[in-house]
Amino acid sequence: MIYLDNAATTPMSSAAISAMTQVMQETYGNPSSIHSHGRQAGKLLREARQELAGLLGTKPQHIFFTSGGTESNNTAIIGYCLRHQNRGKHIITTAIEHHAVLEPIEYLVENFGFEVTILKPVNQEITAEQVKNALREDTILVSTMFANNETGTLLPIAEIGELLKNHSAVYHVDAVQAVGKLTILPEELGIDFLSASAHKFYGPKGVGFLYAATTDFDSYLHGGDQEQKKEQEQKTFLQ
Ligand SMILES: Cc1ncc(COP(=O)(O)O)c(C=O)c1O
């Protein structure tokens with residue numbers, strides 16, 4: 001068989017399989033446990049976060065491990081908008097987004113009175129100019145994908161990031177189809193939140209991450225201390 005559906009999901013690389021097998025067989029401790037098994041797992045987790053942060057040109061505290069792109073998108077969009085709804089309730093996105101972006105936005109519109117402007121591609125392109133024209137004083141979030149999952153079209157991320165430097169809206173980028181294929185430095189590109197998913201670049205299903213420039217967003221998971229206690233008010237680490 002020749003497998004040609006890598007945009008849907010990739011097979012795991014043998015390096016990822018052997019790293020995971022080793023961890024599952026040998027370093028299976030709870031990384032929060034204080035015994036040596038736990039400490040070993042904690043060390044591996046810190047190293048993984050550090051390595052990933054290095055690839056994105058950022059610091060480890062900006063990386064939040066998630067269960068994949070869907071969770072990363074939901075966390076950034078719902079978590080940021082609910083936390084900041086007092087500042088405004090307008091969101092800008094595009095008609096070519098994945099459902100994991102469109103549906104969390106729809107949830108905010110239907111349940112919390114948000115308004116959304118959905119940009120339609122012109123000649124198969126979304127431009128920064130369209131975002132500029134849609135921006136309002138009460139826009140708090142712009143969410144666009146990096147690369148489209150069906151056509152491979154790249155969006156003008158750097159231009160939109162640059163534009164938003166003069167506006168208080170944050171920029172979320174669904175980079176699920178770009179991470180692992182392109183070098184992406186969120187801080188240089190003016191990105192505030194970036195979603196990624198390991199199964200799109202030869203990693204396992206059920207693992208992803210969210211790059212977040214700030215911890216000033218709500219978590220919809222409650223009851224664990226992992227990932228910087230995102231279920232609690234915790235804004236201090238960047239200060
Ligand atoms: C652009 C895009 N965003 C989000 C997702 C969802 O990612 P996951 O399968 O990790 O939840 C996908 C998966 O197809 C995608 O292509």
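Structural remarks
- Filtering region 146-162 to residues that are in a helix (DSSP H, G or I) and open to solvent by less than 20 Å² (accessible area, probe 1.4 Å) leaves I157, I160, G161.
- When every residue of region 75-95 is checked against the conditions, at least one turns out to be in contact (Cβ under 8 Å) with a residue 24 or more places away in the chain, within 12 Å of the ligand (Cβ to nearest atom) and not hydroxyl-bearing (S, T, Y).
- Count of region 168-191 residues, restricted to those that are exposed (fewer than 15 other Cβ atoms within 10 Å of the Cβ) and away from the ligand (no atom under 16 Å from the Cβ), is 4.
- Residues that are free of Cβ contacts under 8 Å to residues at least 40 places away in the same chain and either of a type in the set (A, V, I, L, M) or in contact with a Leu (Cβ under 7 Å, 6 or more places away or on another chain) (or both) occur in region 191-211; there is at least one.
- Test: G88 is crowded, with 16+ Cβ neighbours inside 10 Å, on the phi > 0 side of the Ramachandran plot and of a type outside the set (D, E, K, R): yes
- So Q130, is it modelled with pLDDT under 95, more than 16 Å from the ligand (Cβ to nearest atom) and more than 22 Å from N74 (Cβ to Cβ): no
- Among the numbered conditions (1) among the charged types (D, E, K, R); (2) within 22 Å of V176 (Cβ to Cβ); (3) in contact (Cβ under 8 Å) with a residue 24 or more places away in the chain; (4) assigned to a loop (DSSP other than H, G, I, E, B), the only one that D5 does not meet is (3).
- Taken together, the residues in region 8-34 that are farther than 19 Å from L210 by Cα, open to solvent by less than 60 Å² (accessible area, probe 1.4 Å) and part of a loop (DSSP other than H, G, I, E, B) amount to 6.
- S143 meets each of the listed conditions (1) of a type in the set (G, A, S); (2) touching a residue at least 60 places away in the same chain (Cβ under 8 Å); (3) surrounded by 18 or more Cβ atoms within 10 Å (Cβ to Cβ); (4) not in a strand (DSSP E or B) apart from (4).
- H35 being in contact with a strand residue (DSSP E or B) (Cβ under 7 Å, 6 or more places away or on another chain) and modelled with pLDDT of 95 or more: no
The values are calculated or read from the model by the stated rules, or taken from the named source; none is laboratory data. Bear in mind that the values here come from a model prediction, so they are computed numbers and not experimental data. In this analysis, Cβ positions are derived from the backbone assuming ideal geometry, glycine residues included, and neighbour counts consider all displayed protein chains. Only protein heavy atoms, including side chains, enter the accessible area calculation; ligands, DNA and RNA are left aside. Shrake-Rupley method; radii C 1.70, N 1.55, O 1.52, S 1.80 Å.
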